[in-house]
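Here is the structure we will look at, set down as structure tokens.
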Amino acid sequence: GNSVTQMEGPVTLSEEAFLTINCTYTATGYPSLFWYVQYPGEGLQLLLKATKADDKGSNKGFEATYRKETTSFHLEKGSVQVSDSAVYFCALSSNAGNMLTFGGGTRLMVKP
Amino acid sequence: DTEVTQTPKHLVMGMTNKKSLKCEQHMGHRAMYWYKQKAKKPPELMFVYSYEKLSINESVPSRFSPECPNSSLLNLHLHALQPEDSALYLCASSQGWAGSGEKLFFGSGTQLSVL
């Protein structure tokens, strides 16, 4: 079956630090990969996605590259802000079912 | 309008009560979802509706009863819940199948407490 593994948090960084949140996956076929973000008290929002190998998704300074050879989709940002504090979920979908498979989530805390 | 609206935002109910959660979207999306999210956990899929028909039920107990009255509305009827059902209930929608790489739009959720 499909599964997503991401690094456990919390990740605590100072403002303007470099961010990496690791995500690896197991899936049959050719999944689409996503990063969703959940701010406190809110639902999830799509941050970025990639639908095929070597695609790079990017949004709001965040990037992630679909690496089929390492089955990874690591999230990076060059300079985090306090407003980036949230929980980040890596997820995949495949045509094996009409659903997303989520990783466990990583809480990011950015301090001024 | 790119929002999914959920009401109420908070709900406290006793184990003998009957209540309903409501979800609405006006984006013309044909797939709608209910997820349950416990604190510090990822969302867990409960139900999927496609073209107003229930297409996936993830072995959810019968005390949760979904309903899709029309293409814009999704309800979740609650009856005889247990304290362990306390969670954030999220509604989502997508234009097409989530399995085809479609983006899901999530509502802000209903925070449910069962006493």
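Laid out as a table, the results:
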| item | result |
| --- | --- |
| Any pair with Cβ under 6 angstrom, 6 or more apart, that starts in the stretch B:39-64 at a residue that is within 21 Å of A:Ser93 (Cα to Cα) and ends at one that is of a type in the set (Asp, Glu) and buried (at least 17 other Cβ atoms within 10 Å of the Cβ) | none |
| Filter result for A:Gly57 (open to solvent by 50 Å² or more (accessible area, probe 1.4 Å) and under 24 Å from B:Ser93 (Cα atoms)) | no |
| Identity of the residue in the stretch A:13-54, among the hydroxyl-bearing types (Ser, Thr, Tyr), open to solvent by less than 70 Å² (accessible area, probe 1.4 Å) and under 21 Å from A:Ser83 (Cα atoms), that ends up farthest from the other protein chains (Cβ to nearest Cβ) | A:Thr20 |
| Those strands (runs of 3 or more DSSP E) lying entirely in the stretch B:22-115 with at least 3 residues of a type in the set (Ser, Thr, Tyr) | B:87-94 |
| Filtered residues of the stretch B:40-52 (kept if within 12 Å of chain A (Cβ to nearest Cβ) and of a type in the set (D, E, K, R)) | B:Lys40, B:Lys41, B:Glu44 |
| Selection from the stretch B:81-106 of residues that are open to solvent by 10 Å² or more (accessible area, probe 1.4 Å), under 13 Å from the mean Cα position of the chain (by Cα), within 12 Å of A:Leu46 (Cα to Cα) and more than 7 Å from chain A (Cβ to nearest Cβ) | B:Phe105 |
| Top-ranked residue of the stretch B:4-31 - restricted to ones that are aliphatic (A, V, I, L, M) and within 11 Å of chain A (Cβ to nearest Cβ), ranked as surrounded by the fewest Cβ atoms within 10 Å (Cβ to Cβ) | B:Ala31 |
| Qualifying residue in the stretch B:65-79 (condition: open to solvent by less than 20 Å² (accessible area, probe 1.4 Å) and of a type outside the set (A, V, I, L, M, F, W, C)) | yes |
| Filter pass, B:Gln37 being facing chain A (nearest Cβ under 9 Å), buried (at least 18 other Cβ atoms within 10 Å of the Cβ) and more than 15 Å from B:Val4 (Cα to Cα) | yes |
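The values are calculated or read from the model by the stated rules, or taken from the named source; none is laboratory data. This structure is a prediction, so every number in the text was calculated from the model and none was measured. Because the Cβ atoms are built from the backbone with ideal geometry, glycine has one as well, and the counts that use them run over all protein chains shown. Remember, those area values only see protein heavy atoms, side chains included, never the ligands or the DNA or RNA. Shrake-Rupley method; radii C 1.70, N 1.55, O 1.52, S 1.80 Å.
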